[in-house]
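Enquirer: Sharing a structure with you now.
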Amino acid sequence: MTPALGVCYYPEHWHEAWWESDAKRMAEVGITFVRIGEFAWSKLEPTPGDLQFDWIIRAMDALGKHGLKVVFGTPTATPPRWMVDKHPDMLAVDTEGRRKGFGSRRHYDFSHLGYREEAGRITQLLADAVGQHPALAAWQTDNEYGCHGTTYSYSPAALAGFRTWLEARYGTIDALNTAWGNVFWSMEYNRFDQIELPNLLVCEAAPAHELDFRRYSSDQVAAFNAVQFDILKSARPDLPVIHNFMSRTSDFDHYDVAKTLDIASWDSYPLGHLAVSDEPEELKHQYMRQGDPDNAAFHHDLYRTVGHGRWWIMEQQPGPVNWAQYNPDPLPGMARLWAWEAFAHGAEVVTYFRWRQAPFAQEQMHAGLLRPDSEPAPAHGEAMQVAQELKATGIDGVVGKARVAVVYDYQSEWAWEIQPQAKGFSHGAHVRALYSAFRKHGIDIDVLSPHTTSFAGYDIVAIPALFAWNDALRTAIETFEGQLLIGPRSGSKTQDFAIPATLAPDLPRNMLDLRVTRVSTTDPVHQTPVKGGGAVHHWRERIETGGEVVIEDEDNQPVLVSQGKLFYLTASGNKALVQRVVDYLIAEADLPVLNLPAGVRCRVRGGFRIYVNYGAGAATLNRAADEAGYVVGEASIPGAGVTVARLATAG
Ligand code: GAL
């Protein structure tokens, strides 16, 4: 599919007389897709059963008249007020046991079966009403599952659902007591209907209890999505069903939800995401107006896998947002750069959020492509430039399989949130640190799910901070012939959240003769220097091993151990150490690297290599041996600039 641009549009916010001229202007920018509908329930059904669909069909007519294709969002993230009167117990309950109120959005409880049915009902009605519209090109289910902390609800509906789910999982209460370790502290249950949710306890719940509640809650998100997917696919089997996921959101298993999606998409707000992240202040200052140079790319690669190879940006930041502590203006050029970077990683469509800045309500300080007075805002021109460049270069093709992969696992995120042992220890942070270290060298990376059964074709695979092995991953690592990096903390638990009988990393001795015998953690300030450069901090394992020690710290403790092509990392490292480990693996695998200036990143798509400069100042690219020349920009790449090289041989 040829890459295309889109925009989010809310016809219900504007006079009907504007719809046509808006559509005409969108087409002039070079926009192809327009997402509508996802928050419009109170206008589509103002009172129960009073269906008012004519206006949105007229909006689709106006868009279609100008050649625009519609992505129709089901409005289930914003149930109207009357719905709460009808189902007062559909409101989610927080950990403190307080019911959430009406007056913003996402106030529903995923476990509430009455609301799930209502969501199915409006989806079916919309599929019937607009499903055959000639402008319709795709569906979006709901909006940003889990946004505003809405995956977990501690309601009676969740409690009832959880008990049923546990009974189906364990069969007998004895099996549950054993799996959770309930003999500890006399926590044993006699019956499933005695089990409570893991909130409002005196101190922490058993970790397996917590983990099962997260697994259960994740399953509810998947079940909620499946209802809409089935309806939409039976109405239009030919149209893709998409959901818009988010940055650094791991409350539910996205791989599972995507079992009922054709395409994954995500909403990219690089400045807001960096501002609200726990990245160091130094990085926040340096990239305040550009965003973290690796965060968007990581999510592009993640969602490509979540979406079975197909993914979009459903919302792209166009200017200042309204939801971080401070909301700076992107550097001129960033709205173009972010789109190009997404296309480089295989995006089919990049959709800007939103067409016109709203003068009213919660997001009136959030920029759009147009100002509230309908004059073009800076991103308007940048979007137009991207559309022209896409046309001129004819960039196309898919992203090929990378030579390096890193495994990302939602369950591991939950496990270490439940039992961090070192404040802030997270699976995702370890994955992203490795990802960035490879990317610094211009290496393309795939993100793999923990259900991958074969790593064939990769030169290097990394599995950091993995909670527990499963059958798929065991098969994948046992048959892998490339360099494999495991650890720290990987395989340190069973699926029941217990320490494995043979201790971490729970691998056969012939694969890796190594046992973790003790773990100590410290605050990030207390670092132990490593011989040859870098430091370990936060997480440190003592091991017994028959493997070869490749790197050790200044206390003579092994840091990187190898056995054949398997490498085990015993600690969380600072940036310098992670880079050293990655560089060592790259050298062992003899992978080609690029010499990128600081702040510059790149990715190959089809026959092109796309360079983006996250730096504020100009940089000069070193022409790579496989490049035939530049089709956008040149070797001197300005701050927030883009250069596209054509490859001599298709990548
Ligand atoms: C997203 C959301 C949009 C809008 C946007 C503002 O999280 O899907 O509806 O609120 O943020 O940046």
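We did not get these values from a lab; they are worked out from the coordinates using the rules stated. Just so we're clear, the structure is a prediction, and the values are computed from it rather than from any experiment. With ideal geometry, Cβ positions are generated from the backbone for all residues, glycine too; neighbour counts draw on all protein chains shown.
Enquirer: Show the residues, 5+ positions off or on another chain, whose built amide H is closer than 5 Å to the amide H of PHE608.
Expert: LEU647, GLY651
Enquirer: Would you work out which of VAL447, ALA402, ILE551 lies farthest towards the positive end of the dipole of the chain, given +1 charges on the beta-carbon of Lys and Arg and -1 on that of Asp and Glu, about the Cα centre?
Expert: The residue sitting most towards the positive pole is ALA402.
Enquirer: Still on this model: Obtain the nm distance between the two label points defined at HIS451 and GLN495 by a simple spin-label model: each point lies 7 Å from its Cα along the Cα-to-C-beta direction.
Expert: A separation of 1.3 nm, rounded to one decimal place.
Enquirer: Let me ask another. Let me make sure I get this right: for the chain, a, b and c are the square roots of the gyration tensor eigenvalues over alpha carbons, sorted descending. Under 1.5 in a/c it's rounded, otherwise prolate if a/b > b/c, else oblate. Which is it?
Expert: Oblate is the answer for the chain, as a/c is 1.5 or above yet b/c matches or exceeds a/b.
Enquirer: Please enumerate, by chain and number, the aspartates and glutamates with C-alpha under 19 Å from the C-alpha of LYS391, excluding those fewer than 8 residues away in the same chain.
Expert: Partners found: GLU28, GLU341, GLU348, GLU382, GLU634.
Enquirer: For the stretch 373-450 and the stretch 316-334, what is the centre-to-centre distance using only Cα atoms, to the nearest Å?
Expert: 19
Enquirer: Let me ask something else about it. Given N residues in the stretch 600-647, what is Rg(Cα) / (2.2 N^0.38 Å)?
Expert: 1.02
Enquirer: Give me the net charge of HIS243's neighbourhood, meaning all other residues with Cβ under 9 Å from the Cβ of HIS243; Lys, Arg count +1, Asp, Glu -1.
Expert: Charge balance near HIS243 sits at -2.
Enquirer: From the P(r) of the stretch 265-348, could you give the percentage of C-alpha pairs in the tail past 18 Å? Can you show the working numbers first?
Expert: On the way: 1348 of 3486 pairs.
Result: 39 percent of Cα pairs exceed 18 Å.
Enquirer: Using the Karplus curve 6.51 cos²θ - 1.76 cosθ + 1.60 with θ = phi - 60°, what ³J(HN,Hα) values do you get for each residue of the stretch 32-46, in whole Hz, with x for Gly and Pro?
Expert: 10, 10, 10, 8, 9, x, 6, 10, 9, 4, 5, 8, 7, 8, x
Enquirer: Neighbouring Cβ atoms within 10 Å as the yardstick, rank THR351, THR452 fewest first.
Expert: Details: THR351 29, THR452 18.
Least to most surrounded, the residues fall as THR452, THR351.
Enquirer: Could you tell me what percent of the DSSP beta bridges with both partners in the chain are antiparallel, to the nearest 5?
Expert: Here the share of antiparallel DSSP bridges comes out near 50 percent.
Enquirer: With a/c under 1.5 counting as rounded, go ahead and sort the stretch 381-439 into rounded, prolate or oblate using the C-alpha gyration tensor (a ≥ b ≥ c being the square roots of the eigenvalues; past the cut-off, prolate if a/b is larger than b/c, else oblate).
Expert: prolate
Enquirer: How would you rank SER562, SER374, going from fewest to most other Cβ atoms within 10 Å of each one's own Cβ? Walk me through the numbers on the way to the answer.
Expert: On the way: SER562 21, SER374 14.
By the 10 Å Cβ count, ascending: SER374, SER562.
Enquirer: Beyond 20 Å, how much of the Cα-Cα pair distribution for the stretch 8-110 remains, as a whole percent?
Expert: 47
Enquirer: For the pairs LYS43/LYS86; LYS493/LYS565; LYS24/LYS233, flag any whose C-alpha to C-alpha distance is greater than 21 Å.
Expert: The pairs that break the limit, which is 21 Å between Cα atoms, are LYS493/LYS565; LYS24/LYS233.
Enquirer: Quick one: compute a quarter of the convex hull surface over the Cα atoms of the stretch 208-350 and quote it in nm².
Expert: The Cα convex hull of the stretch 208-350, projected and averaged over all directions, gives 9.8 nm².
Enquirer: Within 10 Å of each candidate Cβ there may be at most 12 other Cβ atoms; applying that plus a DSSP loop requirement, which trypsin sites (Lys or Arg not before Pro) in the stretch 394-466 survive?
Expert: Loop-located and lightly packed - LYS401, LYS423.
Enquirer: Could you tell me which of rounded, prolate or oblate describes the stretch 404-589, using a ≥ b ≥ c as the square roots of the eigenvalues of the alpha-carbon gyration tensor, with rounded for a/c under 1.5 and, failing that, prolate when a/b is larger than b/c and oblate otherwise?
Expert: Numbers: a/c = 1.24, a/b = 1.07, b/c = 1.16.
Taking the square roots of the gyration eigenvalues as a ≥ b ≥ c, the stretch 404-589 is rounded.
Enquirer: No solvent, one uniform scatterer per C-alpha: report log10 I(q)/I(0) for the stretch 566-638 via the Debye equation at q = 0.15, 0.16, 0.24 1/Å, two decimals.
Expert: Ignoring solvent entirely, the Cα scatterers give -0.67, -0.74, -1.13.
Enquirer: Using Stokes-Einstein with the Kirkwood hydrodynamic radius over Cα pairs, what translational diffusion coefficient do you get for the stretch 210-255 at 10 °C and a viscosity of 1.306 mPa s, in µm²/s rounded to a whole number?
Expert: 132
Enquirer: Counting only residues 5 or more places away or on other chains, whose amide H sits under 5 Å from the amide H of GLY6 once H atoms are built in the peptide plane?
Expert: Counting only residues 5 or more places away or on other chains, the set is THR32, PHE33, VAL350, THR351, TYR352.
Enquirer: For the chain, what is the calculated [θ] at 222 nm in deg cm²/dmol (nearest 500), taking -39500 (n - 2.57) for each run of four or more DSSP H residues and dividing by its residue count?
Expert: Per the formula, -10000 deg cm²/dmol.
Enquirer: A further question follows. Which residue, GLN411, VAL519, LEU621, has the largest displacement toward the positive end of the dipole of the chain when charges sit on each Cβ (Lys, Arg +1; Asp, Glu -1)?
Expert: Result: LEU621, furthest along the dipole toward the positive end.
Enquirer: Let me ask another. So what are the ³J(HN,Hα) numbers for the stretch 359-365, from phi and the Karplus equation (6.51, -1.76, 1.60; θ = phi - 60°), rounded to whole Hz, Gly and Pro as x?
Expert: For the stretch 359-365, the Karplus-derived couplings read x, 10, 6, 4, 9, 5, 8 Hz, x marking Gly and Pro.
Enquirer: Here is a follow-up. Give the cross-link partners of LYS575 among the lysines, using a straight C-alpha distance below 20 Å as the criterion and excluding same-chain residues fewer than 8 apart.
Expert: Within the straight-line cut-off, LYS575 pairs with LYS284, LYS423, LYS440, LYS531.
Enquirer: With viscosity set to 1.567 mPa s at 4 °C, what whole-number translational diffusion coefficient in µm²/s follows for the stretch 131-235 from Stokes-Einstein and a Kirkwood radius over Cα pairs?
Expert: Answer, rounded: 81 µm²/s.
Enquirer: Given a Förster distance of 56 angstrom, what is the FRET efficiency for HIS148 paired with ALA648, based on the Cβ-Cβ distance and rounded to 0.05?
Expert: With a Förster radius of 56 Å, E is 0.70.
Enquirer: Report the gain in length on full extension from ALA168 to LYS391: 0.36 nm times residue separation, minus Cα-Cα distance, nm rounded to one decimal.
Expert: Full extension from ALA168 to LYS391 adds 74.9 nm.
Enquirer: Okay, moving on. Under a point spin-label approximation (7 Å from Cα along Cα-to-Cβ), what is the GLN419-SER21 distance to one decimal in nm?
Expert: It is 6.4 nm.
Enquirer: Could you give the longest part of the chain that holds none of the chymotrypsin sites (Phe, Trp or Tyr not before Pro) found in DSSP loops with at most 10 neighbouring Cβ atoms within 10 Å?
Expert: It runs 1-325.
Enquirer: Another question, then. Whole-Hz ³J(HN,Hα) for each residue in the stretch 472-487, computed from phi via Karplus 6.51 cos²θ - 1.76 cosθ + 1.60 with θ = phi - 60°, x for glycine and proline: what do you get?
Expert: Computed from phi, the couplings for the stretch 472-487 are 4, 5, 4, 5, 4, 6, 5, 9, 6, 9, x, 7, 10, 10, 10, x Hz.
Enquirer: Residues of the stretch 102-145 with amide nitrogen under 16 Å from the 7 Å Cα-to-Cβ point of LEU51?
Expert: Once the point is set 7 Å along Cα→Cβ of LEU51, 118-133 turn out to lie under 16 Å by backbone N, inside the stretch 102-145.
Enquirer: If you bin the C-alpha pair distances of the stretch 298-438 every 5 Å from 0, what whole percents do you get?
Expert: 2, 8, 15, 16, 15, 15, 13, 9, 5, 2, 0
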